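Please treat every number below as a calculation from the coordinates, not as lab data. Since the model is a prediction, treat every value here as computed from it, not as a measurement. Cβ sites come from the backbone with ideal geometry, for glycine too, and all protein chains shown count toward neighbours.
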Amino acid sequence: MQGFVAAIYLVLFAAPSTFSSHGIVAASPIYNVINYGAIGNGVDDDTQAFVKAWGDSCGDSGARGTPTLVVPGGKKFKLSPVSFKGPCKSSSFIVKIDGTLVAPSSPSEWKGCSADSWLVFQDVANLNVKGSGQVDGQGSLWWGGAKNNNKTVSQALSFFHCINLVLSGLQHINSPKNHISISGCDGGTISNLRISAPETSPNTDGIDISSTNHLNIQELNIQTGDDCIAINGNSSYITITGVSCGPGHGISIGSLGEHGISDTVEGVQVQHCTFTGSTNGARIKTWQGGSGYAKGITFDQITLNAVKNPIIIDQFYTNEASSVAVSNVTYTGFRGTSASDQAIILSCSSIGCLDIRLDNNMITSSTPGKTVTSWCKNAHGSATLTTPRVRCLLK
């Protein structure tokens, strides 16, 4: 009997990382913003409660498990512009958003809004932002040209210098500007998001990416007034899968080379995506006068429903000599309809686009009985099994 008791004692007390002093499995530490004074009525400003909860949770070493900052469901939390900065002490961090985060109800309430972001996460490794909640940027206050007291129109949610970022499950609506911005990040997955703003809302990109590498984007539904996804300079190895886009301006590489700078993008794969009523489908756009390159880009298995510009390269975004080099771009498996007469536009600068390949594409007019055409300028490459015929490509 004494041996049995001793064995039980060892199980209960010899592993403190697994059991509490009462023999119950210890849970990961939870930091609920309600416990820090957040009210969640959508009227009172809850920013300071979030700041305090972030300070404690980011300062948690993770010895008891991954710290989790919780925004509970059934409540609406009004937040002024705020930055949640790391690095945090734990090797990983969870932000669980099941409630609604709402921006101030008028531009004059955007305290200290000289920066261009409303909610910022910065310098946090292995950050997992997830939940069933909503991020509401109240963008209609800004879109119509309302007086904003000289404040900058802000992006809604920004991630700067985050390694292995995970963002999933949330609904993002009505940002004043970009809904989600990813900059200077390395590694990560963005999945199962719904992003929406009216078709007429200006500059409301769904996801804007810059200076970021090794990012996977999958299973998103995006309806916006600008690019559904924009991949900007100094970004590489971006994979986009299963995105539904429209209305919006499509999935864009660029714009690149603005203000004469050097931008590079390479290793981008866009696959199994659907465009419905969008201005563009697969777009590459560069500013004349810039430099750098866009190369190693593939658009594969794309569905088109009345898209104005299903395939477009536009190197004439302004009127200077362009030196952004576009090469090794592949378009395969496009199926569907174009809302304009020119379904394929390859408009390249004097240095030319090189190694452009089109294969196994079938694009017809969204208007019964009409035909569609292609148009090229300084584009070099090949086209096989593609409708409309692309006879304008140079060798």
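Side notes on the structure shown:
- Dividing the helix sum by the residues of the chain, where each DSSP H run of 4 or more adds -39500 (n - 2.57), gives a mean residue ellipticity at 222 nm of -2000 deg cm²/dmol.
- Nearest-ten-degree value, helix 2-13 long axis tilted from longest Cα axis of the chain: 50 degrees
- By the rule of a C-alpha distance below 19 Å, with chain neighbours fewer than 8 residues away ignored, the lysines paired with LYS52 are LYS75, LYS76, LYS78, LYS85, LYS89, LYS96, LYS111.
- Structural size metrics of the chain, computed from C-alpha coordinates, are Rg and Dmax of 24.5, 91 Å.
- Binning the C-alpha pair distances of segment 219-311 at 10 Å intervals from 0 yields a P(r) profile of 19, 49, 28, 4 %, listed from the shortest bin outward.
- Each Lys or Arg adds one and each Asp or Glu subtracts one; over the other residues with Cβ under 10 Å from the Cβ of ASN328, this totals 0.
- For THR239, net neighbour charge (Lys/Arg +1, Asp/Glu -1) across residues whose Cβ lies under 14 Å away: -3
- Which of ARG391, ARG335 has the fewest Cβ neighbours within 10 Å, and the rest in rising order: ARG391, ARG335
- Treating each Cα of segment 151-263 as an identical point scatterer and summing with the Debye formula, the log10 of I(q)/I(0) at q = 0.15, 0.16 Å⁻¹ comes to -0.58, -0.66.
- Phi-derived couplings, Karplus 6.51 cos²θ - 1.76 cosθ + 1.60 at θ = phi - 60°, listed residue by residue for segment 236-244: 8, 6, 10, 10, 10, 9, x, 9, 9 Hz, with x used for Gly and Pro.
- Farthest toward the positive end of the dipole of the chain, out of SER117, ASN128, HIS380, is the Cα of HIS380, where the dipole comes from beta carbon charges about the Cα centre.
- If only the Cβ of Lys and Arg carry +1 and only the Cβ of Asp and Glu carry -1, the dipole of the chain around its Cα centre is close to 400 debye.
- Length released on extending from LEU394 to SER140, taking residue separation times 0.36 nm less the Cα-Cα span: 86.8 nm
- Since only HIS249, GLY188, ILE238 are under comparison, the one whose Cα sits farthest along the positive direction of the charge dipole of the chain, derived from C-beta charges on Lys, Arg, Asp and Glu, is HIS249.
- Helix 47-58 axis, angle to the chain major axis (alpha carbon atoms, nearest 10°): 80 degrees
- Legend: ranking of residues ASP116, ASP44 from fewest to most surrounding C-beta atoms inside 10 Å; resulting order ASP44, ASP116.
- Dipole-positive endmost among SER80, GLY290, SER90 within the chain (Cβ charges, Cα centre): GLY290
- Charge tally for ALA197 (other residues, Cβ to Cβ under 14 Å; Lys, Arg +1; Asp, Glu -1): -4.
- Footprinting exposure proxy for CYS245, CYS348 (fewest neighbouring C-beta atoms within 10 Å first): CYS348, CYS245
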